[in-house]
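**Q** Mind having a look at this structure? Questions to follow.
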Amino acid sequence: MNFHDIQFPSRLSFGSVGGPERRTEIVTLTNGFEERNTPWAESRRRYDAGIGLRSLDDIERLVAFFEARRGQLYGFRWKDWSDYKSCLPSGTLRYDDQVIAQGDGKATEFQLIKTYRSGPSSYARPITKPVQGAVRVGIQDDEQRDGIDYTVDPATGIVTFVRPPLLNAEISAGYEYDVPVRFDTDRIQTSVASFQAGEVPNVPVVEVRV
């Protein structure tokens, strides 16, 4: 995949609008009942980068970033300020924020995930772009040492242990993360007069599968 491991300027994404989307296919039957299904196992996030622009300098930074990514060609990291931590936005990262797996006594590699729960239902989201240096990992309520007991690949979100966790050992993690995205347009239209009048350009950004 064409991807530049660089984060979109966080001060520009701070005021953006966006979030997850799902694709649901709904068929209404002749008796009025519905059948609902989805071809997507995972959600996909969309954002508008134009909302966060506050000055002409911000527009210049946006255009420079857009040109360096060649428009839609190269993906990049995006900080979703409403959802970028394994804990609550107001919380502090802990190694036991999220249970990511259970050991089988053999496997040494485990994917970071974040579980969203509501009532009896849940959704486990793969975390593929953790922030380097902002990952803590534990096994069975015992925090492990980064670089000694395990390593984390910031390009994939895979945790690799030096020794396989024991059978049924609970593996947990706390982390910050970015969303892998690309621009969803090959054109940015800006107008100084319109911007000063309060209008901002539309700059769609969409999550990419890793």
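The values are calculated or read from the model by the stated rules, or taken from the named source; none is laboratory data. Bear in mind that the values here come from a model prediction, so they are computed numbers and not experimental data. Heads up, the Cβs are rebuilt from the backbone with ideal geometry, glycines too, and the neighbour counts pull from every protein chain shown. Just the protein is used for accessible areas: all its heavy atoms, side chains included, with ligands, DNA and RNA removed. Shrake-Rupley method; radii C 1.70, N 1.55, O 1.52, S 1.80 Å.
**Q** Going by what's in this entry, would V135 be described as open to solvent by less than 50 Å² (accessible area, probe 1.4 Å) and of a type outside the set (S, T, Y)? Can you show your working first?
**A** Working: open to solvent by less than 50 Å² (accessible area, probe 1.4 Å): yes; of a type outside the set (S, T, Y): yes.
Yes.
**Q** Count, please, the residues in segment 178-194 that happen to be out of contact with any helix residue (DSSP H, G or I) (no Cβ under 7 Å at 6 or more places or on another chain), modelled with pLDDT under 95 and not in a loop (DSSP other than H, G, I, E, B).
**A** 2
**Q** So Y175 passes all but one of these: (1) outside any strand (DSSP E or B); (2) under 25 Å from the mean Cα position of the chain (by Cα); (3) modelled with pLDDT of 95 or more. Which condition number does it fail?
**A** In the conditions (1) outside any strand (DSSP E or B); (2) under 25 Å from the mean Cα position of the chain (by Cα); (3) modelled with pLDDT of 95 or more, Y175 misses (1) alone.
**Q** In segment 159-168, is there at least one residue being part of a strand (DSSP E or B) and either crowded, with 17+ Cβ neighbours inside 10 Å or among the aliphatic types (A, V, I, L, M) (or both)?
**A** Filtering segment 159-168 for residues part of a strand (DSSP E or B) gives 159-161.
Subsequent filtering for residues that are either crowded, with 17+ Cβ neighbours inside 10 Å or among the aliphatic types (A, V, I, L, M) (or both) retains 159, 161.
For segment 159-168, residues part of a strand (DSSP E or B) and either crowded, with 17+ Cβ neighbours inside 10 Å or among the aliphatic types (A, V, I, L, M) (or both): present.
**Q** Okay, moving on. In the set D178, D186, D149, which member is under 24 Å from W78 (Cβ atoms) and open to solvent by less than 30 Å² (accessible area, probe 1.4 Å)?
**A** Working: D186 fails: open to solvent by less than 30 Å² (accessible area, probe 1.4 Å); D149 fails: under 24 Å from W78 (Cβ atoms).
The unique qualifying residue is D178.
**Q** Oh, and also: State whether one or more residues within segment 123-145 are under 29 Å from S43 (Cβ atoms), over 25 Å from the mean Cα position of the chain (by Cα) and touching a residue at least 60 places away in the same chain (Cβ under 8 Å).
**A** For segment 123-145, residues under 29 Å from S43 (Cβ atoms), over 25 Å from the mean Cα position of the chain (by Cα) and touching a residue at least 60 places away in the same chain (Cβ under 8 Å): absent.
**Q** Return the total of residues in segment 69-128 being among the small types (G, A, S) and over 24 Å from S16 (Cα atoms).
**A** Within segment 69-128, the first condition is being among the small types (G, A, S), and the residues that meet it are 71, 75, 82, 86, 90-91, 101, 103, 105, 107, 118-119, 121-122, 124.
With the extra rule that they be over 24 Å from S16 (Cα atoms), the set shrinks to 101, 103, 105, 107, 118-119, 121-122, 124.
So the count comes out to 9.
**Q** Something else about it: If you go through segment 1-32, how many residues are of a type in the set (A, V, I, L, M), in a loop (DSSP other than H, G, I, E, B) and open to solvent by 80 Å² or more (accessible area, probe 1.4 Å)? Talk me through it step by step, then tell me what you get.
**A** Going through segment 1-32, the residues of a type in the set (A, V, I, L, M) turn out to be 1, 6, 12, 17, 26-27, 29.
With in a loop (DSSP other than H, G, I, E, B) added as a condition, the list becomes 1, 29.
Next, only the ones that are open to solvent by 80 Å² or more (accessible area, probe 1.4 Å) stay: 1.
Summing the residues that are of a type in the set (A, V, I, L, M), in a loop (DSSP other than H, G, I, E, B) and open to solvent by 80 Å² or more (accessible area, probe 1.4 Å) in segment 1-32 gives 1.
**Q** Then there is this: Please report, ordered by residue number, the strands (runs of 3 or more DSSP E) entirely within segment 36-126 with at least 2 residues that are open to solvent by 30 Å² or more (accessible area, probe 1.4 Å) and under 28 Å from Y150 (Cβ atoms). Full working, then the answer.
**A** Numbers: elements: 44-48, 75-78, 98-102, 109-111, 113-118, 121-126.
Of the strands (runs of 3 or more DSSP E) lying wholly inside segment 36-126, those with at least 2 residues that are open to solvent by 30 Å² or more (accessible area, probe 1.4 Å) and under 28 Å from Y150 (Cβ atoms) span 98-102, 109-111, 113-118, 121-126.
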